[in-house]
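*Asks:* Take a look at the following structure, please.
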Amino acid sequence: MERLKVDPEAEFTDAYKKSIEELSAKDGLGKTYGQPRRFAQERLRSEMTKCEDAQKGIDKLLEQLDMLNFQSFNDYNREFVYTKERQSLSI
């Protein structure tokens, strides 16, 4: 009779530990599974920041190119001396 009281508790404890382990692995929780997940998230955030900064730089260069195009169509003519241009025409 005493054996029946102990075994269900042991079975429950084993099943509980297994369930917690599976949940931790699935959701990336705890010390074992959480650290790699946090590391990957941080790397992803870092790469996203680099991409956003690069995109801002590209947008700025495109704005400069648009301005230079506008100038070339409106301000410059055959007699214009490009060597005296204040801003470099190269990017």
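Read-outs throughout are calculated quantities, based only on the coordinates presented, and are distinct from any laboratory measurement. Bear in mind that the values here come from a model prediction, so they are computed numbers and not experimental data. Don't worry about glycine lacking a Cβ; one is built from the backbone with ideal geometry, like all the others, and counts go over all protein chains shown.
*Asks:* What's the FRET efficiency of MET67 with SER24 using the Cβ-Cβ distance as r and R₀ = 41 Å, to the nearest 0.05? Could you put the intermediate results ahead of the total?
*Replies:* On the way: r = 55 Å, r/R0 = 1.35.
With R0 = 41 Å, the Cβ-Cβ based efficiency is 0.15.
*Asks:* Can you list the lysines whose alpha carbon sits under 17 Å from that of LYS26, skipping same-chain ones fewer than 8 residues off?
*Replies:* LYS17, LYS18
*Asks:* Applying the Karplus parametrisation 6.51 cos²θ - 1.76 cosθ + 1.60 with θ = phi - 60° to the phi angles of the range 32-41, what ³J(HN,Hα) value in whole Hz is obtained for each residue in order, glycine and proline being reported as x?
*Replies:* Coupling constants for the range 32-41: 6, 9, x, 4, x, 5, 5, 4, 5, 4 Hz.
*Asks:* Next question, about the same structure. Note the full-extension length gain between ASP59 and GLN41 as 0.36 nm times their separation in residues minus their Cα-Cα distance, in nm to one decimal.
*Replies:* On the way: separation 18, 0.36 × 18 = 6.48 nm, distance 2.67 nm.
Between ASP59 and GLN41, full extension yields an extra 3.8 nm.
*Asks:* Please compute the Kirkwood hydrodynamic radius of the range 23-75 from all pairs of different C-alpha atoms, in Å with one decimal. Numbers along the way, then the final one.
*Replies:* Numbers: mean 1/r = 0.0700 Å⁻¹.
Taking the inverse mean of 1/r over all distinct Cα pairs, the range 23-75 comes out at 14.3 Å.
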